[in-house]
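So the structure is just underneath, and the comments pick up after that.
The values are calculated or read from the model by the stated rules, or taken from the named source; none is laboratory data. Just so you know, these numbers come straight off a predicted model, no measurement behind them. So basically every Cβ, Gly included, is an ideal-geometry build from the backbone, and we count neighbours across all protein chains shown.
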Amino acid sequence: MQRTSNQLAMLVAINLGLLALGAYISGGTFLSLFNLQSMAGQVPEIGLLAIGVMLAMCAGNGGIDLSGIALANLAGVMSAVVVSMFISSTENQLGFSIAFICLAMVIGISGGILNGFLIARFNITPILCTLGTQMAFTGLAVVVSGGRAVMVGTPDFLSAIGNDMFFAVPISFLVFIAIAFITACVIRFTPYGYWLMLMGTNPKAAKFAGFPRMRILVATYATSGLLAAIAGIIIAARNVNVKFDYGSSYLLVAILIVVMAGVKPEGGYGRVICVLLSAIALQLLSSLLNFGGLSNFVRDFAWGLLLLMFLAVGKYNVASILNLKRRQNGSIGAEPSGTRT
């Protein structure tokens, strides 16, 4: 409980600090309604991928889903190609939008089930399995699209998801918040969430308790795949076309978000609210770097340094070490207790 409170408080402080710094540097422009809306509209893509990474990490055994952005791109590319064969995005905009969304989610779930089945059935290390499927998903997207961008167009319903506002809040951001809330409730209040965390905390106890390991892993990676597909839908909704190599740096950023959120790489712990705040903090920092005129290469370098820093902090628990040193220093000058003679 203490760790959870500390992590949450730290992320809230980071977000407030970044907002204050942005306002100071830009003279208030950073906090304009337009800029806040623009930043909120960019959070869902990477935030959804990060929640999928979090679920895989919570499962333990080195669990991590490296195939998220590749599956998101595959879902977008394949849906655009297949649906365009039967429905015109200009003549039947609603039909195209619904068919595109449904097919993309089916592709995402199928890719996630494949990941989960391979990991659970053949005991493949998750990071290696999803690295392989990442390459397979990207290759399939290249084959389907011919290596070119695939036109989606701007059908009203689909475009509204990516670009329209609801009470001055981007619809895509509201979708992200709703999905994050549902995921948090599932983890907190259902047997699945309990089994998932126990698998990460103590896999032997979970095994001897008779928990359905294969079903849990398949469900976890299927959910991760679904989240990737929804991210792919939002990417397609925000852009006129989709491509197999969109968001090449998203994988690094998604992992950084999860590590910043305090999710344990060895599994058994993770909070969706922390992932949400971490995703917002990374977007604020990215926008700050853009305000400073720094290139994307500098930004990627900063992401890498941040990832290493947070991994080191989580590994060695710096706060506990400092507290221990304080206690030791305090005990050196303390007078021994007891009765004086």
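A few notes on this one:
- Condition met for L131 (under 17 Å from L49 (Cα atoms) and either hydrophobic (A, V, I, L, M, F, W, C) or out of contact with any Cys (no Cβ under 9 Å at 6 or more places or on another chain) (or both)): yes
- Among (1) at pLDDT 85 or above; (2) out of contact with any Leu (no Cβ under 7 Å at 6 or more places or on another chain), the one test that P203 misses: (1)
- V43 within 19 Å of the chain's Cα centre (by Cα), closer than 25 Å to P212 by Cβ and in contact (Cβ under 8 Å) with a residue 40 or more places away in the chain: no
- In the set (1) loosely packed, with under 14 Cβ neighbours inside 10 Å; (2) at pLDDT 75 or above, S331 fails one condition alone, (2).
- Test: G68 is at pLDDT 90 or above, under 19 Å from G270 (Cα atoms) and out of contact with any Asp or Glu (no Cβ under 9 Å at 6 or more places or on another chain): yes
- Residues satisfying the stated conditions in the stretch 26-60, i.e. out of contact with any helix residue (DSSP H, G or I) (no Cβ under 6 Å at 6 or more places or on another chain) and surrounded by fewer than 16 Cβ atoms within 10 Å (Cβ to Cβ): G27, G28, T29, S32, L33, F34, N35, Q37, S38
- The condition (being in a loop (DSSP other than H, G, I, E, B) and not acidic (D, E)) is satisfied by just one residue among L48, L36, L66: L66.
- Any hit, the stretch 53-61, residues being in a loop (DSSP other than H, G, I, E, B) and polar (S, T, N, Q): yes
- For the stretch 198-309, the helices (runs of 4 or more DSSP H) that sit wholly inside it and include 2 or more residues that are surrounded by 24 or more Cβ atoms within 10 Å (Cβ to Cβ) and not charged (D, E, K, R) are 213-238, 250-260, 272-291.
- Pairs where the first residue, in the stretch 160-186, is under 21 Å from Y269 (Cα atoms) and the second is polar (S, T, N, Q) and at pLDDT 90 or above, C-beta under 9 Å, 6+ apart: T183/T223; V186/T223
- Here Q7 fits the description: in contact with a Cys (Cβ under 6 Å, 6 or more places away or on another chain) and either among the acidic types (D, E) or not in a loop (DSSP other than H, G, I, E, B) (or both).
- Residue under evaluation I113, criteria (1) in contact (Cβ under 8 Å) with a residue 60 or more places away in the chain; (2) surrounded by fewer than 20 Cβ atoms within 10 Å (Cβ to Cβ); (3) of a type outside the set (G, A, S); (4) farther than 30 Å from E266 by Cα, criterion not met: (4)
- The stretch 71-110, subset buried (at least 18 other Cβ atoms within 10 Å of the Cβ) and of a type in the set (F, W, Y), residue farthest from K243 (Cα to Cα): F96
- Considering (1) crowded, with 19+ Cβ neighbours inside 10 Å; (2) more than 27 Å from I233 (Cβ to Cβ); (3) modelled with pLDDT of 85 or more, the lone condition that V12 does not fulfil carries the number (1).
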